[in-house]
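K.L.:
Structure in structure tokens, see below.
The values are calculated or read from the model by the stated rules, or taken from the named source; none is laboratory data. If you're wondering where the values come from, they're calculated on a predicted model, not measured in any experiment. Cβ atoms come from the backbone with ideal geometry, glycine included; neighbour counts cover every protein chain shown.
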Amino acid sequence: MGRFDVSEIQKFVCGRVSAITGSVDVLITDDFFSAGGDSFDAIVLSAEIVQRYGVTIHVADVLDAESFADLSNRIADALVAAGNG
């Protein structure tokens, strides 16, 4: 992916959560459950993150993240660790 932009990751995550859960007002400060997500939705989101960024984000990462900002930072950290950041 080359150089990444955390704000782009945040937009991707919030946009995908909105599309997956049908929740219109997904905020970067929300967590997965407060945005209407469930464990099945977390499976879909983690797969979409892997497909988009080529890094492994486990379902537990999605469910355990305190907010979508936290999840986005985990994705960014994984990109750096993989040498893509």
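K.L.:
Of the residues in the range 47-56, how many are surrounded by fewer than 21 Cβ atoms within 10 Å (Cβ to Cβ) and touching a Leu at 6+ places or on another chain (Cβ under 9 Å)?
P.N.:
At the first step, the residues of the range 47-56 found to be surrounded by fewer than 21 Cβ atoms within 10 Å (Cβ to Cβ) are 47-48, 50-56.
Subset that is touching a Leu at 6+ places or on another chain (Cβ under 9 Å): 53-55.
Adding up the residues that qualify gives 3.
K.L.:
Restrict the check to the range 16-23 and report whether at least one residue is exposed (fewer than 12 other Cβ atoms within 10 Å of the Cβ) and either on the phi < 0 side of the Ramachandran plot or free of Cβ contacts under 8 Å to residues at least 60 places away in the same chain (or both).
P.N.:
yes
K.L.:
Further question on the same structure: Tell me whether the range 5-14 contains one or more residues that are more than 10 Å from the chain's Cα centre (by Cα), modelled with pLDDT under 95 and among the small types (Gly, Ala, Ser).
P.N.:
yes
K.L.:
Please work out which one of (1) surrounded by 18 or more Cβ atoms within 10 Å (Cβ to Cβ); (2) without any contact (Cβ under 8 Å) to a residue 40 or more places away in the chain is the condition Ile75 fails and give its number.
P.N.:
(2)
K.L.:
Conditions: (1) assigned to a loop (DSSP other than H, G, I, E, B); (2) among the hydrophobic types (A, V, I, L, M, F, W, C); (3) closer than 29 Å to Gly83 by Cα. Cys14 meets all but one. Number of the miss?
P.N.:
(1)
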